[in-house]
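A.B. asks: Dropping the structure in here first, questions after.
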Amino acid sequence: MKILDIIRDANANLFRNKLRSFLTILAIFIGSFAIITNTAIQAGVNRFIDDQVDSYGGEGYIAIANKDTLDVMMNSTMRSSKEPQEYSADQNQTSATPITKEQLEKLKKLDVIKDNEVYQTKNLTVDYIASDKTDKKYLLTAEAIPAGEIHVESTVGVSPDNDNLDEDQIMITQSLVSVLGFESDEAAVGQIVKLGVVDSYTHQTTEFEAKVVGVIAPGVVTLGYNYLNNSLADKIYDENTKYYPAEEKDKVYAVTATYDYANYSKEEVQDALEEIGLGGMTLDDIIGTIKSFFDIMTGVLTIFGAIALAAAAIGIINTLFMSVQERTREIGLDKALGMSSRHVFLSFSIEAILLGFWGSVVGTILSMIAGNAMNVAFHAEGGLLEAFPTFNLVQYPIENIISITIIVMIIAFLAGTIPARSAARKDPIDALRYE
């Protein structure tokens, strides 16, 4: 008998008792649904976090500065998750301590810093952002976007072009769109905004015009920055430092680097930085909480899925044992006509595998329907992920679906070996006499 014939007959035998097979498939479906949904959530979360991490230079990214400067950076991170704050002329700027040349040299020699390379960033001070569509001004944290190092996720538009020397460009955070008077993210792109810089010595305000080229998608990895191209950043830096002595212009307040995460833990890196009087803020410091939350959630789902699959395995054993009992005389007749014990074992094993297959298929289909509905609902107005338009909580990579289906089928096969062996060992004479 060909294997395709065995599969066809096994599938037909499986649905002789439709209710019993349906209930067994239902038990498998519950377990596979939970596990497939769990892996889909993990895939969605990991994809979102990986995109966020990659946008900041990948794993091992660390921002290095003195403690008070790190506090300023962390405050801007916290501010990015809140509503934009209106600018006040009497508002005090937060002070920051520069990194000394000695500290910078020691930093470059640390073993924990990959390739002993650090990247200096210009310390830009922009006091406010405004537009012609509103008379209000809002606080702004801005920096130049490093060429080739950062790809910023956007809801619409592109990142500022550092090669464009003829046009001053800015990429604004999504929270600024509505308060600046723009109807939507799309409507903001192409508009001209004004960036105000107040001189710390003369208290005179200089405004720079910039074209909005993109809107930054909210994310879990964000420092709250609005990104400028080098053309605009250089003009603002020159304005910030035009009265500075030469030695003041050369001061460095913060640098970025990649630490050797393959050989050193985050704690070891921060200890090494502390020895030279500096501190570091890694991506783990920003996304650690949300990663822990999703790890716990997916872990709980995995446990429930495993319990459901264990219960389903018991159901498979029960279903096939009952099938063996009902078909005892049929088994005896088949063996009397020449069917080998191996074929009998194979037939019942395939029935078990088919139970796992149909259960996982149904679980996958319903999980995908529910998952896509969740993504739509979460991104709707007032939804859980309304603030994160690029974050699809549930994603279904084809390799995950295939691997889980195979695993469920293997579990079903293992559960079915006991009744399959029982059927294969039956003596044809005794089986024919069975009532």
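A.B. asks: Taking the highest mean first, how do the peptides 158-164, 317-323, 27-33 order by number of other beta carbon atoms within 10 angstrom per residue?
C.D. replies: Answer by packing, highest mean first, reads 27-33, 317-323, 158-164.
A.B. asks: Ignoring any ligand, DNA or RNA, what whole percent of the accessible area of segment 160-279 comes from carbon and sulfur when the probe is 1.4 angstrom?
C.D. replies: 42
A.B. asks: For segment 340-418, count the residues as N, evaluate 2.2 N^0.38 Å, and divide the Cα radius of gyration by that value, please.
C.D. replies: 1.60
A.B. asks: Something else about it: If all Cα-Cα distances of segment 149-288 are sorted into 5 Å bins from 0 onward, what percent lands in each bin, rounded to whole numbers?
C.D. replies: 2, 8, 14, 15, 16, 15, 14, 9, 5, 1, 0
A.B. asks: Relative contact order of segment 172-243, please, whole-number percent, based on alpha carbon pairs below 8 angstrom and at least 6 residues apart.
C.D. replies: Value for segment 172-243: 34 percent.
A.B. asks: Also, I was wondering about something else. Note down the accessible area of LYS266, probe 1.4 Å, to the nearest 10 Å².
C.D. replies: Taking all protein chains as shown, LYS266 has close to 40 Å².
The values are calculated or read from the model by the stated rules, or taken from the named source; none is laboratory data. Just so it is clear, the model here is predicted, and its values are computed rather than measured. Here Cβ is always computed from backbone atoms with ideal geometry, including for glycine, and neighbour counts include all displayed protein chains. Heads up: the accessible areas ignore ligands, DNA and RNA and are worked out on the full protein's heavy atoms, side chains in. Shrake-Rupley method; radii C 1.70, N 1.55, O 1.52, S 1.80 Å.
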